[in-house]
Amino acid sequence: MNALLDGILAVLEPTVMLCMGAGVIIGMLVGMFPGITATMAVALASGFTMTLDPVQGLAVLLTIYVAANFGDRIPSILINTPGTPASIATTFDGYPMAKNGRAGLALIVSALVSAIGIIASMVLFAFASVPLAQLALKFGPSEMFAVVILAMTIMISISSKSIAKGLLAGVIGLTIATIGRDPITGDARFTFGIRDLNGGLDFIAVIIGLFGIAELFDQLLTHRQFKIKPISALGRWWPTKSEYKQIVKPTGIAGLVGLVVGIIPGAGGDIAGLLGWDRAKAASKNKAEYGKGSIEGIAASDVASSATLGGSLTTTMALGIPGDSVMAVMIGSMIVWGIQPGPSLFVNQPSLVVTITAIMVLATLITLAINLVRMPMMVKLLDMPVHYIWATVLVFCLVGTYATTNNMFTVIVMLVFGVIGVILKRSGIPASPIVLGLILGPLAESNLRRSLLIDGPAGLVGKPISATLISLALIAIVVSLAAPIIARRRAKQAAAAPTN
Amino acid sequence: MKTGTLFAKTIAIAALASVAFTASAFAQDAFPSKDITFVVQAAAGGASDRTSRAIASEMEKDLGVSIIVENRPGATGTVAFAHVAEQPADGYTIGFGPVEFAIVENIGYDFDRADFTYLGQIMNSPVVLAVPANSPYNTLSEFIEAAQTKELSVSNSGAASAFAATAFTLAKTTGAKITPVPFDGGAPAVAAALGNHVDAVTAGAGETATAFADGTLKVLAIFADEEHPRFPGVKTAKEQGYDLQFGAWGGVYGPAGIPDDVKATLEASIKKAAATQTFLDAITPAGILPAYRTGAEWEAFIATEAARYAEILK
C-alpha cells in the first residue's frame, strides 16, 4: 500500500508534471512528422534528461513515447503517410475515411482507442509483468518465425480487389527485402557494389515513398489538377451511439491481439496493428467495409498497435530486454540513473513500478485530452489551399527522411519509391503488401535460419507454440482463398435459383 | 499581410544566421576556432552513441568550442567512415572508430585503414560467455568439454561481430562443436539464452550484467586481461586456461593527413577527456571499461586485430 501511495505521489510533484508537459509537446510534434521516430526523439532527449532525477527523466522519456504514438496516426489518416511502421494499418481505413469526408471521425476514434489500448496494456504491466515476461522468453527463433508467417497471411486479406495483384506486391516486397547483408553469414546480396545498399533499404524511406510521395506525385501528374483533394473536409467529429456500439467488438478483439503481440520481443506495433486489423475483419459482419473507410477497421488497427506499449515495457522492466528500439534507449538511461531493470526491480522497487505505470496512464490521458481539444485548430490548418498542403507534405517528407540517417541516399530511396509507387498505383497493384514483405521478410528469413541452425527442421514442427501458430497460418490461407470461391458459387446458385 | 511579415522575419533570421556563420568561418587562427563535427557510425541510443556523446561533451569543455555529434548509421559503419575520410583533414571532422575498423575489410567492404588519422582509443567492452541459470555448465572448461562431444549453440549479436568471432575462435582453438547463431542485436541474443533456445551467448558486458545480477544467467568467462567490476567472482578466459581476448573497443579518428599540431591538440584533449570522472560515470554503468591507447598505439593495435579477424573470418 505504501509503495502504491509513494509511487503515485512521486508523479504528482510539480517538476515531474512540467517534465511530462515537455514530453507531450515533443512527442506529438515528433509523431506528426513522417520519418522522425519516437526512438530518435527519446535518444536525443536522453542526453538532456541524464542529469535529472530518475522520476523526472522517466516522465520526459515515457511521455514522448506515449505522445508520439498518438501523433503517429495523424499523417496516416490525413495524408496516407505512416509516421512510423506502427501506423501502417492505420492507413488501410484511416485515409479512405478521410477521403470520404470523415477525417474528423477517424482522428477521434483513433485517439480514443489508442488511449484504451495503452491503458489496458499498462494494467497488465502493473499486475502481471513478471509472469508475462516469463511467457515472452518462450518465444525463440522458431516461435518468432511462426508469428511472422501468421502476419504474412494478411497479405491476402489486404488485397481486397485482386488477390493476384496483392500477392505480386507481396513478392516484390519480399524480394527487395533481400537487398543488403545476409543476416547469418554477413555476405552482401544484391548491393551491386553500392555501399549504401549494404544496410538494406531503409524501410521508413520506402514507406514514405510508396505512400506519401506516391500520392503526391500522382496528384501532380493528374491533368485535371487536384481533382481529389487531400482532405476535402474533416466532417463530423464525434461518433454516434451506434458507431460507438459498432467499434466495441473490433476494439476488444484487436486489443487482445495487441496485448499478446506486445509481449513478444521483436514483434511490435506494426505486426500488432496488422494482425489486429485482420482478426477484427475476420470476426466482423461488415468484412466488405474493411479497407474502404471502415470505422471498425481504424478502431482495430490503432487499439492493437497502441496496446503493444505496455508489452514492451513489460519485457524491458521485468527482463532487462528492450521490447522495442525506444526501450533500448530507455534502458541505457535507466542504468545511468542506477535503476537496474530485471525481475528484482519489481521486488526491490515496487513504488518505481507504480510510478512508471502512473506516468504512462497520466501521459495517455493528457495526450488524449489535447488530441480531442486541439482538433478544431487543425481544421484551420487544412483550410489552406491544396498546393500549400502538398508543398508542406513534400518538405516534411524530405526533411524527415533525411533526418533518419543524415544521408542523401535515403532521400533518393524515398523519391525512387515515390515514382515506383505511382506506377504501381496506376497498375492497380497495392502498396501495403510491399511494405509488409519488406518488414516481415527479413524477420521471417533470419528467424527461420536461426531456428534451422539450432534445431534443424524438427524445431519448427516439434515445438507447441510454433506448430500451433503455423497451423493457424495455414488455416488462414485456406479460408481466405476458399472464401471468394464459395461466395462466387453461392452467388451463382442464387442467380440460378429464380429461373428454376 | 500576415504571410508577408512572416516571410520578412524568416529572411531576417536566415540572414542573421548566415552572418554569424561567415563571421566564425573567417576567424581562422589557432585550432580549434570553430565547431567540430563528431560523426557516429550508429543510430542515436546505442553504446557507440553513448560513448561518443560522453567524450564529445568532455572535449568541448577542454577545447572551448562546440562539438556537434552527427549520427550517420548504415552499412556496418562504413557509410560514416567513408564520409569522414572525404572531409577536409583540418581536425574539424572527427568520428568514433569501433571494432569494425578491424573487421569490415575482411568481409568485402571497400575500406582502407590508411584513409584515416588515429587519435586515440578510449574504451573497450569485453566479450563474455554466459549460459542460462539452469544450464549444467559452471565453468568454461566444462562447457568446452561438453561441446567436444555434442553440438552446442551460442547466440551472438550479429554475423561478423566481435561476439560471433569469439565463438568461432573458441571452437577453432579447442576443437569444440560450437554453432554460432547470429541475432539482430545483443538484446535478442541474450533473450535467446534466457529462454533456453540456445545453450549459451557471447555478448557485451552491458547486455549481460542485468541478467547476471538477477541470477538468471551464469557468466562463465570474460575474454579480457582483467576481471570485470560488474562480474565479481567471474574469471577471465586466460585464468581458466584459454588465452583469448575479445572486445568491442572504440576510439576517435579523423581523415588521413591531419596536420601534426592539430593532431597533437586533439590527441591531448581526447586523452584528458577519457580520464575524466564524468566520462567514466557515463560509460561504466553500461559495462564499458575505460581503455586508453595513444593514436599510434591504437593504430598498431588495429593492425594486429585486423590480421586476427582476417584469419577468423576467412
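With respect to the conditions (1) without any contact (Cβ under 8 Å) to a residue 60 or more places away in the chain; (2) of a type in the set (A, V, I, L, M); (3) assigned to a loop (DSSP other than H, G, I, E, B); (4) at the interface with chain A (Cβ under 9 Å from one of its Cβ atoms), B:Ala176 falls short on a single one, namely (4).
Candidates A:Gly235, A:Gly262, A:Gly180: the one that is at pLDDT 85 or above and closer than 30 Å to A:Ala120 by Cα is A:Gly262. Residue-level analysis places B:Glu227 among those that are of a type outside the set (Val, Ile, Thr) and surrounded by fewer than 19 Cβ atoms within 10 Å (Cβ to Cβ). Within the set A:Gly23, A:Gly27, the sole residue that is buried (at least 24 other Cβ atoms within 10 Å of the Cβ), under 25 Å from A:Thr410 (Cα atoms) and at pLDDT 80 or above turns out to be A:Gly27. Reported count of residues in the range A:439-484, each being among the basic types (Lys, Arg) and touching a strand residue (DSSP E or B) at 6+ places or on another chain (Cβ under 6 Å), is 1. For A:Ser306, the test of being within 14 Å of chain B (Cβ to nearest Cβ), over 20 Å from A:Pro430 (Cβ atoms), in contact (Cβ under 8 Å) with a residue 40 or more places away in the chain and surrounded by 24 or more Cβ atoms within 10 Å (Cβ to Cβ) is failed.
The number of residues in the range B:117-139 that are in contact (Cβ under 8 Å) with a residue 40 or more places away in the chain and either more than 18 Å from B:Val190 (Cα to Cα) or in a loop (DSSP other than H, G, I, E, B) (or both) comes to 14. When restricted to residues that are modelled with pLDDT under 85 and surrounded by 24 or more Cβ atoms within 10 Å (Cβ to Cβ), the range A:112-135 contains 2. Across the range B:281-314, the qualifying residues are those that are small (Gly, Ala, Ser) and surrounded by fewer than 16 Cβ atoms within 10 Å (Cβ to Cβ), and the one among them that is farthest from B:Val127 (Cα to Cα) is B:Ala296. Answer yes or no as to whether B:Ala80 is buried (at least 24 other Cβ atoms within 10 Å of the Cβ), among the aliphatic types (A, V, I, L, M) and at positive phi. When the stated conditions are applied, B:Ala80 does not pass them. Quick one: how many residues across the range A:448-469 are modelled with pLDDT under 90, surrounded by fewer than 19 Cβ atoms within 10 Å (Cβ to Cβ) and within 28 Å of the chain's Cα centre (by Cα)? Residues flagged as modelled with pLDDT under 90, surrounded by fewer than 19 Cβ atoms within 10 Å (Cβ to Cβ) and within 28 Å of the chain's Cα centre (by Cα) within the range A:448-469 amount to 4. Return yes when A:Val148 is among the β-branched types (Val, Ile, Thr), within 14 Å of chain B (Cβ to nearest Cβ), surrounded by 23 or more Cβ atoms within 10 Å (Cβ to Cβ) and out of contact with any strand residue (DSSP E or B) (no Cβ under 8 Å at 6 or more places or on another chain) and no when it is not. For A:Val148, the condition - among the β-branched types (Val, Ile, Thr), within 14 Å of chain B (Cβ to nearest Cβ), surrounded by 23 or more Cβ atoms within 10 Å (Cβ to Cβ) and out of contact with any strand residue (DSSP E or B) (no Cβ under 8 Å at 6 or more places or on another chain) - is met. Against the list (1) within 22 Å of A:Val206 (Cβ to Cβ); (2) part of a loop (DSSP other than H, G, I, E, B), the condition A:Thr51 fails is (1).
For A:Phe125, are the conditions met, namely being touching a helix residue (DSSP H, G or I) at 6+ places or on another chain (Cβ under 9 Å) and within 14 Å of chain B (Cβ to nearest Cβ)? No.
Of the numbered conditions (1) under 22 Å from the mean Cα position of the chain (by Cα); (2) modelled with pLDDT of 85 or more; (3) farther than 21 Å from A:Leu372 by Cα; (4) within 14 Å of another protein chain (Cβ to nearest Cβ), A:Thr39 fails exactly one; give the number of that condition. Looking at each condition in turn, A:Thr39 falls short on (2). Scanning the range B:179-193 for residues that are hydrophobic (A, V, I, L, M, F, W, C) and either more than 8 Å from chain A (Cβ to nearest Cβ) or under 14 Å from B:Ile312 (Cβ atoms) (or both) gives B:Ala189, B:Ala193. When the residues of the range B:270-308 are filtered to those that are among the small types (Gly, Ala, Ser) and within 17 Å of B:Asp62 (Cβ to Cβ), the one that is farthest from the other protein chains (Cβ to nearest Cβ) is B:Gly295. The sole residue among A:Asp53, A:Asp93, A:Asp6 that is among the acidic types (Asp, Glu) and crowded, with 24+ Cβ neighbours inside 10 Å is A:Asp93. When the range B:195-230 is limited to residues that are in a helix (DSSP H, G or I) and within 23 Å of the chain's Cα centre (by Cα), the one that is farthest from B:Ser135 (Cα to Cα) turns out to be B:Gly206. Taking every residue in the range A:458-483 that is aliphatic (A, V, I, L, M) and pairing it with any residue that is surrounded by 13 or more Cβ atoms within 10 Å (Cβ to Cβ) and not in a helix (DSSP H, G or I), at least 6 positions away or on another chain, the pairs with Cβ-Cβ distances below 7 Å are A:Ile465/A:Lys138; A:Ala473/A:Thr153; A:Ala476/A:Thr153; A:Ile477/A:Thr153. In the range B:61-100, of all residues being more than 10 Å from every other protein chain (Cβ to nearest Cβ) and out of contact with any strand residue (DSSP E or B) (no Cβ under 8 Å at 6 or more places or on another chain), the one that is nearest to B:Pro255 (Cα to Cα) corresponds to B:Asp90.
Residues in the range B:109-162 that are in contact with a Phe, Trp or Tyr (Cβ under 8 Å, 6 or more places away or on another chain), of a type in the set (A, V, I, L, M) and under 23 Å from B:Ala205 (Cβ atoms): B:Ile122, B:Met123, B:Val127, B:Val128, B:Leu129, B:Ala130, B:Val131, B:Leu140, B:Ile144, B:Leu152, B:Ala162.
The residue that is surrounded by the fewest Cβ atoms within 10 Å (Cβ to Cβ), counting only those in the range A:338-358 that are at the interface with another protein chain (Cβ under 8 Å from one of its Cβ atoms) and either aliphatic (A, V, I, L, M) or in a helix (DSSP H, G or I) (or both), is A:Ser344. All conditions but one from (1) within 30 Å of A:Ser351 (Cβ to Cβ); (2) away from chain B (no Cβ under 14 Å); (3) not in a loop (DSSP other than H, G, I, E, B) apply to A:Ile74; the one that does not is (1). Counting the residues of the range B:147-166 that are part of a helix (DSSP H, G or I) and away from chain A (no Cβ under 12 Å) gives 6.
Of all the numbered requirements in (1) surrounded by fewer than 19 Cβ atoms within 10 Å (Cβ to Cβ); (2) in contact with an Asp or Glu (Cβ under 7 Å, 6 or more places away or on another chain); (3) within 10 Å of another protein chain (Cβ to nearest Cβ), B:Asn196 misses one, and that requirement is (2).
The values are calculated or read from the model by the stated rules, or taken from the named source; none is laboratory data. On a predicted model such as this, the values are computed, not experimentally measured, just so you know. Neighbour counts run over all protein chains shown; Cβ positions are idealised from the backbone, glycine included.
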